[in-house]
1. For the subset of segment 183-215 comprising residues that are aromatic (Phe, Trp, Tyr) and over 18 Å from the mean Cα position of the chain (by Cα), which member is surrounded by the fewest Cβ atoms within 10 Å (Cβ to Cβ)?
2. Just to check your reading of the model, which residue among Thr126, Thr94, Thr54 is modelled with pLDDT of 95 or more, buried (at least 17 other Cβ atoms within 10 Å of the Cβ) and more than 24 Å from Leu166 (Cβ to Cβ)?
3. When only residues in segment 142-169 that are outside any helix (DSSP H, G or I) and under 20 Å from Gly206 (Cβ atoms) count, which is farthest from the chain's Cα centre (by Cα)?
4. Any idea how many residues of segment 107-117 are assigned to a strand (DSSP E or B) and buried (at least 17 other Cβ atoms within 10 Å of the Cβ)?
5. Against the definition (surrounded by 19 or more Cβ atoms within 10 Å (Cβ to Cβ) and within 29 Å of Arg150 (Cα to Cα)), how does Gly33 come out, yes or no?
6. Within segment 215-238, track down each residue that is among the small types (Gly, Ala, Ser), at pLDDT 95 or above and farther than 23 Å from Ala301 by Cβ.
7. Looking only at residues that are outside any loop (DSSP other than H, G, I, E, B) and within 19 Å of Ser160 (Cβ to Cβ) in segment 97-106, which one is farthest from the chain's Cα centre (by Cα)?
8. Out of Gly145, Gly179, report the one residue that is more than 20 Å from Ile69 (Cα to Cα) and outside the structural domain of Val22 (by TED's automatic domain parsing).
Amino acid sequence: KGYIPYKHRGVLQSSNPEDWDVREVVRRQDRTGRYGYGGVQSRARPGSWARVGTAKRGDVGAHASRFDIYYQEQPHGGKFSVRLDHEDRDFVSTEADAVGDGVYSLTVPDGPHVIEFRYARGGPVTLYGVAVEREGPGVVYDSLGLVGARANRLLNYDESHIKAQLEQRGVHLIVLGFGGNEASDERTEEAFYEDYVQVLDHMRQGREDLGCLVFAPLDQARRQRGRIRTLPTIPLIVAAQRRAALDSGCAFYDTWQAMGGQDAMRHWYKAQPRLAMGDFRHATPAGYEVIGNMFYKALLAGFAAYLSEESSGVPASSRPTDVDAGSASPDSGIPSSNADSKTSPKR
């Protein structure tokens, strides 16, 4: 019960949390709406420190070649110190004529590293987070989970700030996955729809180059007269998300139907190995792997359809795309998956 401190895999993190004043976009704790790319700002107090480093075990995260520290620029801003592998590297000033966003980048030889930053002196220091990367080809996926979030909490972002943060990070695609927490809200489909349209508009702000994908929620259920039943709001939320995504020119992945639709959690909970947790709201690690594989198959099927349309000379963006990535019985725990889009992927 209470706050759950989720952490990323493949990275080491440590800090003295009592010396940081943390403010979250989910709780609307900052009147300026400047929460940073990850939705959490951390205001340093004297003595504040934090370390971020490569993982010592696991399949990923053992090496890095660049660290980016994102921070807030502001009048009378203070300084923070940077150490790499226990050696002093820099003092970074956050002072500026006006409030804005800054980034301190440090390129290092590819390998295991630890970066440490501390409040140094002067005025206030506000940090947004650290990105740890390697040079080379590939796709960068930033997982920015917000505990207890509803989609409309993203409206707490200052518009110009989140636009600048997305541009600074070089984002090409945003993926919004909400609905689990909204499932407890007694609202109409139209109310959910209006929320999602506003959120998509707020996050994209007219950027035609910024792709978007809406992930429907997992089935959300509760025990009712001894049976595990889907919450009545889930079909409303999924329908609202589908409409909002397609009306906004975004792709949509129907996770709920991919799981099996109505009462899918019952089948997933009873599956062997178990694919759903006992709260009937979350999947197990095995369940999330199934969902990931279904989405991967749907993505490849959509891409294959796009290539087929290109080779046939039919404009790929001329009509919505409906992808069926295969099917199985809902009782198997691995039912069919579908993805819809009004815009086909670009090369």
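1. Of all residues in segment 183-215, those aromatic (Phe, Trp, Tyr) come to 192-193, 196, 215.
If we keep only those that are over 18 Å from the mean Cα position of the chain (by Cα) too, we end up with 192-193.
Details: Phe192: 25, Tyr193: 19.
Out of the qualifying residues, it is Tyr193.
2. On the way: Thr126 fails: more than 24 Å from Leu166 (Cβ to Cβ); Thr94 fails: more than 24 Å from Leu166 (Cβ to Cβ).
Exactly one residue qualifies, and that residue is Thr54.
3. The first filter runs over segment 142-169 and keeps only residues outside any helix (DSSP H, G or I), leaving 142-150, 157-158.
Narrowing further to those that are under 20 Å from Gly206 (Cβ atoms): 157-158.
Details: Tyr157: 15, Asp158: 18 Å.
Top of the filtered list is Asp158.
4. If we filter segment 107-117 for residues that are assigned to a strand (DSSP E or B), which is where we start, we get 107-111, 114-117.
Cutting the leftovers down to buried (at least 17 other Cβ atoms within 10 Å of the Cβ) gives us 115-117.
Counting residues in segment 107-117 that are assigned to a strand (DSSP E or B) and buried (at least 17 other Cβ atoms within 10 Å of the Cβ) gives 3.
5. Numbers: surrounded by 19 or more Cβ atoms within 10 Å (Cβ to Cβ): no; within 29 Å of Arg150 (Cα to Cα): yes.
When the stated conditions are applied, Gly33 does not pass them.
6. The first filter runs over segment 215-238 and keeps only residues among the small types (Gly, Ala, Ser), leaving 216, 221, 226.
Filter once more, keeping what is at pLDDT 95 or above: 216, 221.
Listed by number, the list holds a single entry, Ala221.
7. Filtering segment 97-106 for residues outside any loop (DSSP other than H, G, I, E, B) gives 100-106.
Now restrict to residues that are within 19 Å of Ser160 (Cβ to Cβ): 100-103.
Values: Gly100: 23, Asp101: 20, Gly102: 21, Val103: 20 Å.
So the residue we want is Gly100.
8. Numbers: Gly145 fails: more than 20 Å from Ile69 (Cα to Cα).
Just one listed residue meets the conditions, Gly179.
The values are calculated or read from the model by the stated rules, or taken from the named source; none is laboratory data. Nothing here was measured: the structure is a model prediction, and the numbers come from that model. Cβ atoms come from the backbone with ideal geometry, glycine included; neighbour counts cover every protein chain shown.
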